[in-house]
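The values are calculated or read from the model by the stated rules, or taken from the named source; none is laboratory data. As the structure is a computational prediction, the values presented were derived from the model and not from experiment. Backbone-built Cβ (ideal geometry, glycine too); neighbour counts: all protein chains shown. Heavy atoms of the whole protein, side chains included, go into the accessibility calculation; ligands, DNA and RNA do not. Shrake-Rupley method; radii C 1.70, N 1.55, O 1.52, S 1.80 Å.
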Amino acid sequence: MSRQETTTEQIAQEWLALIDVEKFEDAHSAASDYLQENISAEQLGVAIRGAREDLLAGGKRKLIGSQRFDKLPDAPPGDYIVSQYESRLENDANRIETLTLVLQDAQWKVVGYFINNQ
């Protein structure tokens with residue numbers, strides 16, 4: 001794993017740890033300008049709580065892939081890392097969490113978070 005991959009993975013893990021313990025204000029503050037300008041910390045908390053209600057508290061999460069892009073649908077050109085994680089639910093089903101980072105002012109910041117059924 002390259003140094004950049006390690007750094008982006010650490011940033012992703014730190015942000016996910018914040019939402020795992022429902023520190024949505026901190027997660028919002030650590031996110032990209034784009035995310036902060038388009039959703040409030042309160043809205044972020046409501047959306048994440050709703051999407052993650054059946055995930056295990058402190059549950060298992062495994063990185064299943066990460067890819068770098070210079071363009072994403074409905075996003076301006078930029079430098080992006082999209083990482084996907086397999087996450088366990090209380091009923092032993094799995095979901096896929098997708099976290100997108102953008103390079104902003106020479107720092108990687110979270111710009112998107114999605115969770116889907118596998």
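So that you can scan it fast, the table gives a plain yes or no per residue for (1) part of a strand (DSSP E or B); (2) at pLDDT 90 or above; (3) open to solvent by less than 50 Å² (accessible area, probe 1.4 Å):
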{"position": "E9", "(1), (2), (3)": "no, yes, yes"}
{"position": "W15", "(1), (2), (3)": "no, yes, yes"}
{"position": "A27", "(1), (2), (3)": "no, yes, yes"}
{"position": "Q43", "(1), (2), (3)": "no, yes, no"}
{"position": "I48", "(1), (2), (3)": "no, yes, yes"}
{"position": "G78", "(1), (2), (3)": "no, yes, yes"}
{"position": "V82", "(1), (2), (3)": "yes, yes, yes"}
{"position": "I96", "(1), (2), (3)": "yes, yes, yes"}
{"position": "L101", "(1), (2), (3)": "yes, yes, yes"}
Between a residue in the stretch 27-50 that is without any contact (Cβ under 8 Å) to a residue 60 or more places away in the chain and any residue that is open to solvent by 20 Å² or more (accessible area, probe 1.4 Å), which pairs come within a Cβ distance under 6 Å, given they are 6 or more apart or on different chains?
A41/E25; A41/H28; L44/H28
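Go through the stretch 103-114 and give me each residue that's open to solvent by 90 Å² or more (accessible area, probe 1.4 Å) and outside any loop (DSSP other than H, G, I, E, B). Break it down into steps so the answer makes sense when it comes.
If we filter the stretch 103-114 for residues that are open to solvent by 90 Å² or more (accessible area, probe 1.4 Å), which is where we start, we get 105-107, 114.
Matches in the stretch 103-114: Q107, F114.
Taking the stretch 55-75 only, how many residues are surrounded by fewer than 11 Cβ atoms within 10 Å (Cβ to Cβ) and modelled with pLDDT under 85?
Within the stretch 55-75, the subset surrounded by fewer than 11 Cβ atoms within 10 Å (Cβ to Cβ) is 57-58, 62, 67, 70-71, 73-74.
From what's left, modelled with pLDDT under 85: 57-58.
Residues flagged as surrounded by fewer than 11 Cβ atoms within 10 Å (Cβ to Cβ) and modelled with pLDDT under 85 within the stretch 55-75 amount to 2.
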